[in-house]
Amino acid sequence: MCALSLSRTRSVESVRERGGLWTYLTAVRVNPPNLKCETLPILSLRNQYSRNFHLSWLGFWVAFTSWFAFSPLVPEAVSSDLGLTAAQLGTTCNSNIVSLCATLIVRLVAGPLVDRYGPRKVMAALLVLGAIPSGLAGLVSSAEGLSAVRFFIGILGATFVPCQAWTTTFFDKKVVGQANALAAGWGNSGGGFTFLIMVGLYNQLRRDGLSKHSAWRAAFAIVPVPLLLFTALLVMVFGTDHPAGKWSNRHDILAAHLDQLEAENIRASGPANEVEKKDGAASKGVKKGSDDIEIAVFPANEHISGVDTAVSEPLTLRSIEHAFTSPLTWLPMMAYFSTFGFELALDANLATALFSLYKARGFDQTEAGYIASIFGLLNVFSRPTGGYLSDVAYRRLGVPGKKWLMLLLGFLQGTFAIGLGLYIEGRAHPSLAVVIVFIIIIAVFNEAANGANFALVPHCNPNSNGAMCGLVGACANLGGVIFAIVFRFQPTPIGKAIWLSGILGAGINSVLAVIPVPRW
């Protein structure tokens, strides 16, 4: 490896002070020994950090256009076209559970694949594989066929694993909470946008003269399939595997990256535009390249942790044993079980529940779908907020700050879910306005907790980052299955299912408080 001693860095706060928020959101500053980015250049596409960030959330976002496409159409369009009876309509909830089970399985597989082949290739492969059953959705003619197609479409839910592993690979621990939460939050907003897109497209196709039978089937061919394949192509053409370049070069980070900088005609510079060579002589007046990239070492007061030097390694029996016997593995897994698992179940059932609850007042599928989309759309704001607050907590309190924030948010989500469930169950005609307010509050705490969770994940088993993302993500799907079963076997309206879910969520986050975490 090429040895190079570099001048001392400034903190993220200093970057902001020197160039302001604009610099923080456009310029790249990378930090040895991992050469991860310690700024968040989301307003630029001129460097690999920015491009990979945007490709990570985009891949996850487009997955929702198929993964959640059935949910807003089932209450009216799909059920009437397939001629489902009231009993058979209940099987649509079973199809939600089947889809979540498929995602659980594929996430468990995707995690180790990320550690072996890198997140870029795994993301592209999942998008292509998911496009196949999406294209076959139009052939569904029965409740059983609906469940079968949704099972294979569930492959797309695993795109969350390379999404989070990708941003963790490229962004430093100082900003990884924000990077992971923004990517996941913007990606998760695809669930909300899918409700709007599919309902709007279906209604337009009906106005254009298509029958119910043809309209919802055409909607699948028009939106999900082309988006999935096109995004997979973007990922492979414009994405990169690792700050070192190829995934196989990840053990030779500095040397490989300096070669790449030279190839791109970018100069590495310290805060004073000065880079010290191996013999101690300084090269004065080194100019920044067009990507405004700086490389610098840690300041004297920097807290060094295993995250700084960790490199993703293929799974072995020993690493599997270590992961499953470590409380640090179970802490984010069970917390995500209680938060994102609840979000998955609510996303899948909310439109149907609202339609059932208010259809006597002239409520239709379109209104139910639009209101249900609120929960997913709030991910644009709520999940990044959780990641940002987690990074703030880390700078002041270390890893324990991330843990306590995550658990507090999860507990508050459960508390407000209990309140909503009791409100619905206790009234013959619950106010729609009150229900919407509860949905918004629950969504904010739920999604902020999810953002805080994946700010903590990089500190847990950092040498198996992909596998860790897969385990945590799969546990969320297990939670989604459990919560979906609660919804499936509770009578409508769904008040009891919601408050039971709230008790489960608040209880889990309370119990997890006893698990210790490292200081930094």
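The values are calculated or read from the model by the stated rules, or taken from the named source; none is laboratory data. All values derive from a computational prediction rather than experimental measurement. Neighbour counts run over all protein chains shown; Cβ positions are idealised from the backbone, glycine included. Just the protein is used for accessible areas: all its heavy atoms, side chains included, with ligands, DNA and RNA removed. Shrake-Rupley method; radii C 1.70, N 1.55, O 1.52, S 1.80 Å.
Tabulated data for the structure shown
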read-out	value
Flag for residue 458 being assigned to a loop (DSSP other than H, G, I, E, B) and in contact (Cβ under 8 Å) with a residue 12 or more places away in the chain	no
Test: residue in the range 388-409 that is in contact with a helix residue (DSSP H, G or I) (Cβ under 8 Å, 6 or more places away or on another chain), among the polar types (S, T, N, Q) and under 30 Å from residue 200 (Cβ atoms)	no
Residues that are under 15 Å from residue 343 (Cβ atoms), within 20 Å of the chain's Cα centre (by Cα) and of a type in the set (Gly, Ala, Ser), drawn from the range 378-416	382, 386, 410
Residue within the range 497-516 that is closer than 25 Å to residue 394 by Cα, touching a residue at least 12 places away in the same chain (Cβ under 8 Å), assigned to a loop (DSSP other than H, G, I, E, B) and open to solvent by 50 Å² or more (accessible area, probe 1.4 Å) present	yes
Neighbours by Cβ (under 7 Å, 6+ apart or cross-chain): first from the range 119-146, open to solvent by less than 70 Å² (accessible area, probe 1.4 Å); second not in a helix (DSSP H, G or I)	120/239; 120/240; 120/241; 143/84; 146/140
Scope the range 388-408; condition assigned to a helix (DSSP H, G or I) and not aliphatic (A, V, I, L, M); matching residues	388, 390, 391, 394, 395, 396, 400, 401, 402, 403, 404
Test: residue in the range 216-227 that is open to solvent by 30 Å² or more (accessible area, probe 1.4 Å), of a type outside the set (A, V, I, L, M, F, W, C) and under 30 Å from residue 42 (Cα atoms)	yes
So residue 312, is it modelled with pLDDT under 80 and crowded, with 19+ Cβ neighbours inside 10 Å	yes
Exclusive hit being within 30 Å of residue 316 (Cβ to Cβ), surrounded by 19 or more Cβ atoms within 10 Å (Cβ to Cβ), touching a residue at least 12 places away in the same chain (Cβ under 8 Å) and not basic (Lys, Arg), set 473, 414	473
Residue count for the range 128-151, restricted to those that are among the charged types (D, E, K, R) and over 21 Å from the mean Cα position of the chain (by Cα)	1
The listed residue being modelled with pLDDT of 85 or more, farther than 30 Å from residue 246 by Cα and open to solvent by 10 Å² or more (accessible area, probe 1.4 Å), out of 328, 357, 346, 397	397
